[in-house]
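Enquirer: The following block contains the structure, expressed as structure tokens.
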Amino acid sequence: MIYKKYNNGIFNLYTVKTDKFKTCHMEIIFYNKFDENNITKENVLSEILSYTNKKYNKRKLVVEHLQDLYNAKFMGTTTRVGKVRTINFVYEFIDPIYTDKSYLKEVIKFPFDMIFNPNVKNNEFDGKTLKIIKNLKQAEIESIKESPLRYSIKRALQCCDEDMPASKMLVGNIKDLNKINSSNLYQDYQNLLNNYYCDIYLVGNLNMDKINIMIKDLFNNDIIKNQKLEYEYKLNDKLVSKKIEEKDEFEQSILVCLFKLNNLSNYEKNYVMPVFNSIFGSGSLNNKLYKNLRGDNSLCYNVSSLYQKFDNLIIVPTGIDYKNKNKAISLIKKSLKEIEKGLFSDEDVENAKKSIVNSILSALDSPSDICDNYFFHNSVSSPLLDERMNGFDNVSKKDIINLTKKIKLVTTYMMRGEKNE
């Protein structure tokens, strides 16, 4: 794979030239600091800009054109990385080597037509299209409680620290959705162009110098941004441990434990934490949480630990019977204590490393994972995949034991299912 950066002032193009895939993968990423007030608007924008445009002003026309482009795929999505919010336009298309000569120009042109030539008249988005998008988003927002686990995790984060971006409902809310109309959404669109950074990532077997020239001609924006963005969110050092219990009409009770990570080094974040987390609760069925809560005590169907690198958190959620709440909390604490005391083997460490390296090897077979890796490398200096594989060699049992001293339980949250009394 040959990596190259093209600095074009108003946007950067990052390319990975490889003949490993028969398709090409492009991501056009707009990003800015996380703002709770913009969540719903960003969700609607990502959807409407990938739904229709001025030329293809009906969804049917967009679908037909994508089919003409050898069944290309184009979608808009939003996500959060710590204190930064991104709007991603993801595009997959067949390698032009398998098509006619006119294909390359048409296929590269399409996503920029969608983004920079939206279905707008007199500075207003098309009302009928917006109504469809708002209905889709309303259904998505209203479905949040269909996942008790997901909802409980958000409530736990809100109770822990209501200011942290991770605590916000990223699907948005009905109140903000109802405020959106064709006119103010166009203003939000202008804000996107004027104030958000943009990076473009492209993986495929293409003449990247030629593609860069093509994209510069198609990128219809000339505003350079200079604002510095911070990605990492740190919980207050004076945060007091909390125990919260709430009720809802769920079949099962959900327990969520939040662990704060204190002043981890880059080495610990990138290498020691993934190995620790595999042993603690994200690896095989031999991990501590699974063994202690399910294997030995049959308290739950499943339990896991989620490492949130840019939020400096570990989240441990599990569905249990309410009567087992105290025992489950005790066993989660016990699982961490066992690692702190070194009650795990060198074989556990090596197995965790092998599992992580295997997942990295899988990522090297995924164009989207390759794009993600370069995005994080360029944004927050995360190691590249090849470097990551080698970096785990030096992680020792002692490193993992020392890491546990920087982990503190800060919130124990119980969503008590009323149907689970």
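Enquirer: Find the centroid of the Cα atoms in region 58-125 and in region 176-244, then give the distance between the two in whole Å.
Expert: Taking the Cα centre of region 176-244 as reference, the centre of region 58-125 is 17 Å away.
Enquirer: Another question, if that's okay. Using the Kirkwood formula on the Cα atoms of region 73-132, what hydrodynamic radius do you get, in angstrom to one decimal?
Expert: Answer for region 73-132: a Kirkwood hydrodynamic radius of 14.2 Å.
Enquirer: Okay, next question. Size of the dipole of region 116-190 about the Cα centre, Lys and Arg at +1 and Asp and Glu at -1 on the beta carbon, nothing else charged, in debye to 20? Write out the running numbers ahead of the final one.
Expert: Values: 12 positive and 10 negative charges, 50 e Å.
So the dipole magnitude of region 116-190 works out to roughly 240 debye.
Enquirer: Out of Asn326, Asn135, Asn402, any idea which swings most in a Gaussian network model of the chain, alpha carbons joined below 10 Å?
Expert: Ranking Asn326, Asn135, Asn402 by mean-square fluctuation puts Asn326 first.
Enquirer: Enumerate the calculated ³J(HN,Hα) couplings along region 137-147 in order (Karplus 6.51 cos²θ - 1.76 cosθ + 1.60, θ = phi - 60°), each rounded to whole Hz, writing x wherever the residue is Gly or Pro.
Expert: Along region 137-147, the couplings run 5, 5, 4, 5, 5, 5, 8, 4, 7, 6, 10 Hz.
Enquirer: Pop a pseudo-label 7 angstrom from the Cα along the beta-carbon direction at both Asn205 and Val240 and give the gap in nm to one decimal.
Expert: 6.4 nm
Enquirer: Work out from phi, with θ = phi - 60° and the Karplus expression 6.51 cos²θ - 1.76 cosθ + 1.60, the ³J(HN,Hα) of each residue of region 76-83, listed in order in whole Hz, and give x for Gly and Pro.
Expert: x, 8, 10, 8, 10, 10, x, 9
Enquirer: Distance from a point 7 Å along Cα→Cβ of Ile223 to each backbone N in region 100-142: keep the residues under 20 Å and list them by number.
Expert: Only 112-126 pass the distance filter.
Enquirer: Next up: Ignoring ligands, DNA and RNA, please state the percent of accessible area on the chain from carbon and sulfur, probe 1.4 Å.
Expert: Numbers: 9260 of 20230 Å².
Carbon with sulfur: 46 percent of the solvent-accessible area.
Enquirer: Okay, moving on. For Glu140 and Ser183 in one chain, what is 0.36 nm times their gap in residues minus the Cα-Cα distance, to one decimal in nm?
Expert: Values: separation 43, 0.36 × 43 = 15.48 nm, distance 2.30 nm.
Working it through step by step, the gained length comes to 13.2 nm.
Enquirer: State, to one decimal in nm, how far the label point of Val357 lies from the label point of Asn302, with both points 7 Å from Cα in the Cβ direction.
Expert: 2.8 nm
Enquirer: Oh, and also: Provide the per-residue ³J(HN,Hα) series for region 329-339, in order, calculated from phi with Karplus coefficients 6.51, -1.76, 1.60 and θ = phi - 60°, each as a whole number of Hz, with x at glycine and proline positions.
Expert: 4, 4, 6, 5, 5, 4, 4, 5, 5, 5, 5
Enquirer: Translational D (Stokes-Einstein, µm²/s) of region 290-359 at 4 °C and 1.567 mPa s when Rh comes from the Kirkwood sum over C-alpha pairs? Present the calculation step by step, with values, prior to reporting the outcome.
Expert: Values: Rh = 13.7 Å.
Approximately 95 µm²/s, per Stokes-Einstein.
Enquirer: What number, in nm² with one decimal, is the all-direction average of the projected area of the convex hull of the alpha-carbon atoms of region 267-421?
Expert: Working: hull surface 40.4 nm².
Mean projected area of the Cα convex hull: 10.1 nm².
Enquirer: For region 265-301 and region 335-410, compute the distance between their C-alpha centroids and round to whole Å.
Expert: Using only Cα atoms, the two centres lie 12 Å from each other.
Enquirer: Rounded to whole Å and sorted largest first, list the principal axis extents of the Cα atoms in region 242-281.
Expert: Between the extreme Cα coordinates on each principal axis of region 242-281 lie 43, 21, 11 Å.
Enquirer: Relative to 2.2 N^0.38 Å, what does the C-alpha radius of gyration of the chain come to as a ratio? Two decimals please.
Expert: Values: Rg = 23.5 Å, N = 421, 2.2 N^0.38 = 21.9 Å.
Normalised Rg, Cα atoms only: 1.07.
Enquirer: How far, in degrees from 0 to 90, does helix 59-68 lean away from the longest principal axis of the Cα atoms of the chain, to the nearest 10?
Expert: Relative to the chain, helix 59-68 is tipped by roughly 80 degrees.
Enquirer: P(r) tail for region 1-81, what percent of Cα pairs lie past 19 Å? Walk me through the intermediate numbers first.
Expert: Details: 1870 of 3240 pairs.
Taking all Cα-Cα pairs of region 1-81, the fraction more than 19 Å apart is 58 percent.
Enquirer: Return one whole number: the accessible area per residue of the chain in Å², for a 1.4 Å probe.
Expert: Values: 20230 Å² over 421 residues.
I get 48 Å² per residue for the chain.
Enquirer: Show me 293-301, 149-157, 8-16 ranked by packing, highest mean number of other Cβ atoms within 10 Å first. List each step's numbers first, then the result.
Expert: Values: 293-301: 15.1, 149-157: 20.1, 8-16: 17.9.
Per-residue Cβ counts within 10 Å, averaged per peptide and sorted highest first, yield 149-157, 8-16, 293-301.
The values are calculated or read from the model by the stated rules, or taken from the named source; none is laboratory data. Everything numeric in this text was worked out from a predicted model, so none of it was measured. Don't worry about glycine lacking a Cβ; one is built from the backbone with ideal geometry, like all the others, and counts go over all protein chains shown. Ligands, DNA and RNA are excluded from the accessible area calculation, which covers all protein heavy atoms including side chains. Shrake-Rupley method; radii C 1.70, N 1.55, O 1.52, S 1.80 Å.
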